[in-house]
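**Q** The following block contains the structure, expressed as structure tokens.
The values are calculated or read from the model by the stated rules, or taken from the named source; none is laboratory data. In this text, all values refer to a predicted model and were calculated from it rather than measured experimentally. Cβ: placed from backbone, ideal geometry, glycine included. Neighbour counts: every protein chain shown. Only protein heavy atoms, including side chains, enter the accessible area calculation; ligands, DNA and RNA are left aside. Shrake-Rupley method; radii C 1.70, N 1.55, O 1.52, S 1.80 Å.
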Amino acid sequence: MKRVKIGSVVLELVQGNIANQPEMEAVVNAANAMLASGGGVAGAIHSAAGPGLYEECRPLAPIRPGQAVITGAHGLPNRYVIHTLGPVYGKDKPEDKILAECYRNSLKLAEEKRIASLAFPAISTGIFGYPVRDAARVALNTVIAMAPQLKYVQKIRFVLYSDSDLKAHEEALEALMNTP
Ligand code: ADP
């Protein structure tokens, strides 16, 4: 676990399950274009949320890479779920720009809804094949760049599934914080 402050915004890196973050107002789903269940993050979120989540998602689909949409959280212990579609590595290019859009558009929606705390998974680093070190740098860089403009979001948590993914994010954060 690692915690830093960027202005008034707290940025945390933790190991855990994105579907079990009860103290966060919103969680982000690494969604598929159809906003359906599936493997990884989307599977965990939809099975914890129950069928009402897909009912609400269905009319919002399909979404394009980089886009984000918001729904209620249904059976999850949060208020909202923000669904964003990451780039498929090697297919949706430029991957880094699209991945950055996922984080930016999710934060924009959170600000519109006046959400105070938001948890992200490592978007695109599972089934979509984005190398985790590169994705961590893009994700953290984007969030750090946006932090000074945030009025409502005061806590951003990255929830990493594996110990090695947590380490990759800790190292990327350290490198970014040491860059003037
Ligand atoms: P994508 O299709 O965007 O690659 P995935 O859900 O396949 O999304 O994976 C994204 C990342 O989330 C991967 O690093 C994966 O290990 C991790 N992950 C899988 N399940 C969970 C979960 N329940 N909570 C947090 N992270 C998860």
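**Q** For 96, 165, give the ranking by accessible area with the largest first, probe 1.4 Å.
**A** Working: 96 75, 165 40 Å².
The most accessible residue leads, giving 96, 165.
**Q** Just want the answer: with Cβ charges of +1 for Lys and Arg and -1 for Asp and Glu, which residue in 59, 169, 43 is farthest toward the dipole's positive end in the chain?
**A** Going by the charge dipole, the pick is 59.
**Q** Carbon and sulfur: what percent of the range 23-180's accessible surface (1.4 Å probe)? Can you show the working numbers first?
**A** Details: 3810 of 7090 Å².
The value for the range 23-180 is 54 percent carbon and sulfur by accessible area.
**Q** Would you tally the net charge around residue 77, using a Cβ to Cβ cut-off of less than 15 Å, leaving residue 77 out, and scoring K and R as +1, D and E as -1?
**A** Details: positive: 79, 157; negative: 23, 25.
Spelling it out: positives minus negatives among the neighbours equals 0.
**Q** Hey, can you find the accessible area per residue of the range 20-79 for me, probe 1.4 Å, expressed in square angstrom?
**A** Accessible area per residue, the range 20-79: 43 Å².
**Q** I'd like the Karplus ³J(HN,Hα) series for the range 75-84: coefficients 6.51, -1.76, 1.60, θ = phi - 60°, whole numbers in Hz, and an x wherever there's a Gly or Pro.
**A** x, 6, x, 10, 9, 9, 10, 9, 9, 9
**Q** With a cut-off of at most 14 other beta carbons within 10 Å, and DSSP calling the residue loop, which trypsin sites (Lys or Arg not before Pro) in the range 128-179 qualify? Please list them. Provide the component values of the computation, followed by the final result.
**A** Details: sites: 133, 137, 151, 155, 157, 167; in loops: 151.
Listed in order of number, the matching sites are 151.
**Q** Taking the Cβ of residue 89 as the center, what net charge do the other residues with Cβ under 12 Å away carry, scoring Lys and Arg +1 and Asp and Glu -1? Can you show the working numbers first?
**A** Working: positive: 91, 93; negative: 92, 95, 96, 134.
Here the charged neighbours net out to -2.
**Q** Please count, across the range 1-151, the pairs of lysine residues with Cα atoms under 27 Å apart that sit 8 or more places apart or on different chains.
**A** Close lysine pairs found across the range 1-151: 15.
**Q** A follow-up question, please. Add +1 for every Lys or Arg and -1 for every Asp or Glu among the other residues with Cβ under 14 Å from the Cβ of residue 118, and state the total. Display every interim value, and only then the final one.
**A** Working: positive: 79, 104, 108, 113, 114, 151, 155, 157; negative: 12, 23, 25, 111, 112.
So the environment of residue 118 carries a net charge of +3.
**Q** Compute the FRET efficiency between residue 15 and residue 175 as 1/(1 + (r/R0)^6), taking r as their Cβ-Cβ distance and R0 = 22 Å, and round to the nearest 0.05. Write down the numbers at each step before the final one.
**A** On the way: r = 20 Å, r/R0 = 0.89.
The value I calculate is 0.65.
**Q** Further question on the same structure: Taking only the alpha-carbon atoms of the chain, what semi-axes of the equivalent ellipsoid follow from 5 times the gyration tensor eigenvalues under a square root, in whole Å, largest first?
**A** Values: eigenvalues 105, 66, 46 Å².
Output for the chain: semi-axes of 23, 18, 15 Å.
**Q** If you don't mind, another one. Probe of 1.4 angstrom, ligands and nucleic acids ignored: what's the accessible area per residue over the range 94-148, in square angstrom? Before the final figure, lay out each step's value.
**A** Details: 2270 Å² over 55 residues.
Per-residue value: 41 Å².
**Q** If you rank 162, 47 by how much accessible surface each has, with a 1.4 Å probe, what is the order from largest down?
**A** Details: 162 40, 47 90 Å².
Correct descending sequence by accessible area is 47, 162.
**Q** Multiplying the sequence separation of residue 64 and residue 2 by 0.36 nm and subtracting their Cα-Cα distance, what value in nm do you get?
**A** Numbers: separation 62, 0.36 × 62 = 22.32 nm, distance 3.21 nm.
Answer, rounded to one decimal: 19.1 nm.
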